[in-house]
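Some notes on the structure that comes next.
The values are calculated or read from the model by the stated rules, or taken from the named source; none is laboratory data. This one's a predicted model, so the numbers in the text were calculated from it and none came from an experiment. Cβ: placed from backbone, ideal geometry, glycine included. Neighbour counts: every protein chain shown. Calculation scope for accessible area: heavy atoms of the full protein, side chains included, ligands and nucleic acids excluded. Shrake-Rupley method; radii C 1.70, N 1.55, O 1.52, S 1.80 Å.
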Amino acid sequence: MKVKLEFSGGMDLLFGNKKMHEVELAETNGKRWTVGRVIMWARENLLTERPELFMKGDSVRPGILVLVNDCDWELSGTLDCELQDGDTVTFISTLHGG
Amino acid sequence: MAPAEEPRGDELEQKERELALLKQRMALLEQEVADARRRQQHAAASTTAQDGPPPPRSFACSHSLSKEHVQRYSRHLLLPSFGLSAQERLCQGSVLIVGCGGLGSPAALYLAASGVGTLGLVDHDVVDLSNLHRQIIHTEARVGVHKATSAAQACAALNSLVKVNTHMDGFNPANALEIVRGYDVVLDATDNPTTRYLINDACVVLGKPLVSAAAVGTDGQLTVYNYGEDAPCYRCLFPESPAPENCSRCADAGVLGPVPGAMGVLQAVEVVKLLGGVGDVLAKKLLIFDALAGRFTTVRLRGKRTECVACGLCPSITRENLAAYDYVAFTGQAPTDAAPSLSVLPPSLRVTPQQLQGVMSSAAVSGRAPPAVLDVRPANQFSLMHLPNATHIPFEQLDAKVEEVKDLIRGSKCVECSGGGSAEIGEQRPEAGLYVMCRRGNNSQLAVARLRELGVLNAVDVVGGMENWAKSLDPSMPVI
Ligand SMILES: [Zn+2]
């Protein structure tokens with residue numbers, strides 16, 4: 001299945017300076033792809049720098065908002081949210097400057 | 001009749017809110033009376049000059065706007081989606097702008113121009129030359145002036161109908177509630193998470209909507225917190241503060257001037273909508289601006305979190321205890337956007353710029369090779385200026401290029417040795433094999449520490465980096 005992973009608010013710097021990654025996730029004997037699994041997958045396969053700037057424990061670090069198809073992942077089950085073919089997962093680092 | 005009862009907690013809050021509103025209304029009326037008197041005097045002066053009583057009024061109207069108001073705000077009054085009643089509400093409304101920087105500058109100017117009744121301006125800092133590329137409310141002539149004063153002057157010059165208050169001591173737990181109480185809406189235009197959490201909490205406990213924006217680099221974000229029944233607050237979205245190293249600062253990461261400009265203008269739009277009572281307020285939504293892609297995106301946010309410590313069902317942050325809350329401990333950061341000053345190396349591994357300059361000039365005098373200097377700043381800073389003979393390896397690439405570093409040290413040593421390595425010269429020779437330089441002296445320490453882990457034991461850091469070199473040795477150096 002194909003999903004898009006998008007990195008915003010400077011997160012792209014951790015992922016090879018690329019804001020949009022279109023990735024193919026292999027079917028693994030019936031085990032569904034959740035956002036939690038995709039986070040681990042992105043860490044193993046896409047992250048180019050310092051994992052502590054992306055993750056804390058098995059989730060994203062504080063200060064990162066996660067969206068599934070432009071909706072806050074709190075509205076769809078956070079780590080357990082199941083992804084469908086064609087979905088977009090967005091990671092936004094909150095900004096503080098002004 | 002039932003005996004009079006003590007008002008319940010929520011009734012008391014309601015009454016306090018009413019009282020605050022009435023006080024505000026009173027201040028506004030006082031201002032209006034003063035303005036009217038001023039205009040009457042003007043009019044009297046001009047009629048005496050014309051010799052004769054003013055002609056009787058030949059028109060009818062039932063609104064609070066003067067001729068001056070009508071002329072000035074005519075394009076708002078013509079607008080079907082805004083019009084007279086929204087302008088009247090805007091003229092009676094008040095907004096507090098916390099931070100007169102990149103976001104606050106355009107927000108304050110547009111809100112003053114649009115005719116908001118009262119504008120409160122908070123800052124604690126003075127105008128610096130490096131502010132002017134984006135903080136367009138200030139001027140070259142006002143470098144060194146308090147930002148709130150400078151911004152108030154600009155607003156007053158733009159629209160004398162607006163009442164402008166300055167709050168000169170910045171925004172802190174001790175004064176937050178007292179300041180916020182006097183306004184209808186708050187605009188967060190600050191530059192650090194510590195103050196952002198404080199503003200959020202003050203707005204939640206006093207029931208004020210919070211128009212919040214941020215900008216770093218070429219990205220901007222905007223949302224309205226604590227508005228309506230179920231919109232989230234800042235803590236609902238970010239219950240845990242990000243670690244200091246995860247907060248990019250304009251002072252480090254840079255910022256494209258018009259990006260905070262665009263976000264500040266959008267904050268003014270939201271305030272005008274809120275006070276005017278028109279349109280859909282950007283609550284429960286986050287607007288994201290990607291300047292490089294030329295793209296605005298709006299995404300849907302969660303509602304209130306029932307367990308939120310500020311706005312949830314059983315909040316632990318209240319009016320009574322907010323002043324005592326330790327925001328610096330919560331975020332681990334001082335309430336500024338300045339980078340923390342690190343001290344991770346023992347004094348034996350640090351030299352001052354003067355010491356390094358001494359080593360460089362004694363090498364030049366005696367014809368020895370110059371000391372090995374490693375500059376670990378990003379490429380764009382290195383290309384602005386660097387020490388002569390400095391080798392450039394950005395901090396992030398140290399691990400990958402450690403052999404290059406070792407070669408650099410061997411190279412400079414070999415030259416020294418072949419120059420006749422007697423004991424006397426050895427005593428004058430620098431102990432260090434490598435001088436590590438960065439912008440402010442933080443990364444150079446981390447680089448020396450990392451190099452030690454990688455087996456390079458004779459590197460030292462130059463205290464305070466290029467900034468300190470410029471300050472203590474060469475003011476002509478173009479440091480940033
Ligand atoms: Zn909340």
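Annotations
- Residue in the range B:243-254 that is modelled with pLDDT of 95 or more and either assigned by TED's automatic domain parsing to the domain that holds B:T194 or in a helix (DSSP H, G or I) (or both) present: no
- Screening B:V278 with (1) away from the ligand (no atom under 16 Å from the Cβ); (2) closer than 21 Å to B:D191 by Cβ gives one miss only, at (2).
- Count of the range B:218-227 residues which are within 13 Å of the ligand (Cβ to nearest atom) and in a loop (DSSP other than H, G, I, E, B): 2
- Selection of the range B:343-364 for residues being loosely packed, with under 15 Cβ neighbours inside 10 Å and either within 16 Å of the ligand (Cβ to nearest atom) or part of a loop (DSSP other than H, G, I, E, B) (or both) yields B:S343, B:V344, B:P346.
- Of all residues in the range A:1-28, those satisfying the criterion of being over 20 Å from B:G254 (Cα atoms) and within 13 Å of chain B (Cβ to nearest Cβ) are A:E6, A:M20.
- Only a single criterion out of (1) within 14 Å of chain A (Cβ to nearest Cβ); (2) within 14 Å of the ligand (Cβ to nearest atom); (3) not charged (D, E, K, R) is not satisfied by B:A251, namely (2).
- Beta carbons closer than 6 Å, at least 6 apart along the sequence or on distinct chains, pair a first residue in the range B:332-355 that is in contact (Cβ under 8 Å) with a residue 40 or more places away in the chain with a second that is of a type in the set (K, R) for B:D337/B:R249.
- Taking the range B:292-302 as the range and being within 12 Å of chain A (Cβ to nearest Cβ), away from the ligand (no atom under 16 Å from the Cβ) and part of a loop (DSSP other than H, G, I, E, B) as the test, the residues that pass are B:L292, B:A293.
- Residue within the range B:303-319 that is over 17 Å from B:T190 (Cα atoms), more than 16 Å from the ligand (Cβ to nearest atom), more than 11 Å from chain A (Cβ to nearest Cβ) and open to solvent by 20 Å² or more (accessible area, probe 1.4 Å) present: no
- Within the range A:46-70, the set of residues being within 7 Å of chain B (Cβ to nearest Cβ) and surrounded by fewer than 16 Cβ atoms within 10 Å (Cβ to Cβ) comprises A:P62, A:D70.
- Considering the range B:86-182, the qualifying strands (runs of 3 or more DSSP E), each wholly inside and each with 1 or more residues that are open to solvent by 10 Å² or more (accessible area, probe 1.4 Å), run over B:118-122, B:163-167.
- Selected residue [surrounded by fewer than 16 Cβ atoms within 10 Å (Cβ to Cβ) and either within 10 Å of another protein chain (Cβ to nearest Cβ) or over 14 Å from B:A243 (Cα atoms) (or both)] from A:T78, A:T94, A:T88: A:T88
Each row is one residue, and each column tells you yes or no for (1) more than 14 Å from chain A (Cβ to nearest Cβ); (2) part of a loop (DSSP other than H, G, I, E, B); (3) in contact (Cβ under 8 Å) with a residue 24 or more places away in the chain.
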| site | (1), (2), (3) |
| --- | --- |
| B:L187 | no, no, yes |
| B:D191 | no, yes, yes |
| B:R196 | no, no, yes |
| B:N200 | no, no, yes |
| B:V204 | yes, no, yes |
| B:V216 | no, no, yes |
| B:D230 | no, yes, yes |
| B:C236 | no, no, yes |
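- Filter pass, B:Y225 being at pLDDT 95 or above, within 19 Å of B:R319 (Cα to Cα) and crowded, with 24+ Cβ neighbours inside 10 Å: yes
- For the range B:255-279, a residue qualifies if it is within 7 Å of another protein chain (Cβ to nearest Cβ) and in a helix (DSSP H, G or I), and exactly one does: B:P260.
- Residue check, A:K4 of a type outside the set (S, T, N, Q) and part of a strand (DSSP E or B): yes
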